[in-house]
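See structure below.
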Amino acid sequence: MLTWKIVKRIGYSAVTSAAILIASPSLTPAQTVTGQNVSNVTAVSAASPLLQPAYILGTGDELSIAVYGYDEYTLTTSILPDGTITLPLIGPIQAAGKTTEQFKQDLTERLRAILVNPAATVTVLTPRPIVVNVAGEVMRPGPVRGTDLQGTPTLSAALISAGGVTRNADIRQVYLRRVGPNGGNQSYTINLWEAISSDSTAADPLIQDGDSIYIPPLGQGEVLDRQLLARSSFSPATVRVRVVGEVTKPGEVQVPPGSSVSSAVAIAGGPTEDARLSRVAFIRMNEQGVVERRMLDLRNLSDANEIQDGDVVIVPRRRDTSFLQMVTRVLNPLGSLIGILDGVDGLLTGND
């Protein structure tokens, strides 16, 4: 049975090579989501009614307004950039920041000044494009626009549009900050792990324009089932792996999560005729900043080692007497990686 062996303990700042991908430090949940102490965040289930509030109107929403018996006040209009709409004899009415029910009540009050017993209805015909911010342990943090979402704007759709969660994501406590109808912030934590670890059908909360989502990292010593997470809809469609040495197309390749090392080699075009498949180096940096490596025998082009984002696979040449000599050739100008590979030479130059 193969086991990981520690090559060298290093800090994140010590590795600058593109061969090992390191995330930038994230803001804390309190800084990113709540703007205040985390104790003010409410823990809810994904099916909580608190996550399904009434729609908040905003600039760009297309509305259908009808007043029973008064055709001149029946029209289709969009909320202007200043947040208002304009009606005959009434003028501008503030609509943005209100629910449709709140706006209908305000409209009815204004109509009572000129009409007898007005009965108004307000319907959102075309919602405005939404923009939410996704931060923390996702592959591509930043704004996510409604045009990037696939289908209904849900929490999971936003995570997928942000590239999926990283292997270090703690999806048991996803933070969501939302602006309420009265302008105040409402903050929640949502357990998405239940959605992939239980047999029951889990709810997928809808997201709204202006929502902020933060995926925190796992705490020290905490572990989730990474294979289960990699197979979930929250994971990225592909992970980045660097395959160098004796392969047809060396470089960074996109590999489906949960794939094997041999699959990564195949995606890199497969081994060349000079490849020494009996001693392939598999290098990974773990969450503690420790660079680890295995020697793998891929002569059957089959293995059970699951690849992760940022892994490095080095396929040596059969005629090379020095592994470091080969690495220098295939990785230049990424010379900064060489310093963390001390001791690997003996690993790969043994007898088959």
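Could you do me a favour and compute the accessible area per residue for the range 214-291, 1.4 Å probe, result in Å²? Display every interim value, and only then the final one.
Numbers: 3140 Å² over 78 residues.
Roughly 40 Å² per residue, with all protein chains present.
Please turn the phi angles of the range 77-86 into ³J(HN,Hα) values with the Karplus equation 6.51 cos²θ - 1.76 cosθ + 1.60 (θ = phi - 60°), one per residue in order, whole Hz, x for glycine and proline.
Result, ordered by residue: 8, 10, 6, 6, x, 7, x, 10, 10, 10 Hz.
Cβ under 14 Å from THR84's Cβ, THR84 left aside: what net charge do those residues give with Lys, Arg +1 and Asp, Glu -1? It would help to have the intermediate numbers written out before the result.
Details: positive: LYS98, ARG110; negative: ASP61, ASP82, ASP106.
With Lys, Arg at +1 and Asp, Glu at -1, the net is -1.
For GLY270, which sequence-distant residues (separation of 5 or more, or a different chain) have an amide H within less than 5 Å of its own amide H, given hydrogens modelled in the peptide plane?
THR248, LYS249
Given R₀ = 51 Å, FRET efficiency for ASN185-GLN254 by Cβ-Cβ distance, to 0.05?
Numbers: r = 37 Å, r/R0 = 0.73.
For R0 = 51 Å, the calculated efficiency reads 0.85.
Of all the Cα-Cα pairs you can form in the range 80-189, what percent are over 21 Å apart? Intermediate results must be reported in sequence, preceding the final value.
Details: 3181 of 5995 pairs.
Counting every Cα pair in the range 80-189, those more than 21 Å apart make up 53 percent.
Using the alpha-carbon centroid of each, what span in Å lies between the range 290-312 and the range 89-133?
60
Whole number in Å², please: accessible area per residue of the range 60-171, 1.4 Å probe, ligands, DNA and RNA not counted.
Numbers: 5430 Å² over 112 residues.
In whole numbers, the range 60-171 has 48 Å² accessible per residue.
Ignoring any ligand, DNA or RNA, what whole percent of the accessible area of the range 194-267 comes from carbon and sulfur when the probe is 1.4 angstrom? Could the numbers behind the result be given before it?
Details: 1610 of 3490 Å².
After summing per-atom areas, the C and S share lands at 46 percent.
Sorted by mean Cβ packing within 10 Å, highest first, what order do the peptides 254-263, 270-279 take? Could you put the intermediate results ahead of the total?
Working: 254-263: 19.2, 270-279: 16.6.
The most tightly packed comes first, giving 254-263, 270-279.
Could I get the Rg over Rh figure for the range 160-309? Both from C-alpha atoms, Rh via Kirkwood, rounded to two places. Each step should come with its number before you reach the end.
Values: Rg = 19.4 Å, Rh = 17.8 Å.
That ratio is 1.09, to two decimals.
What nm value, rounded to one decimal, do you get for the distance between SER78 and VAL131 when each label is placed 7 Å out toward the C-beta?
1.6
The values are calculated or read from the model by the stated rules, or taken from the named source; none is laboratory data. Bear in mind the structure is a predicted one, so any value in this text is a computation, not a measurement. Positions of Cβ are backbone-derived with ideal geometry, glycine not excepted, and every protein chain shown enters the neighbour counts. These accessible areas exclude ligands, DNA and RNA; they are computed on the full protein's heavy atoms, side chains included. Shrake-Rupley method; radii C 1.70, N 1.55, O 1.52, S 1.80 Å.
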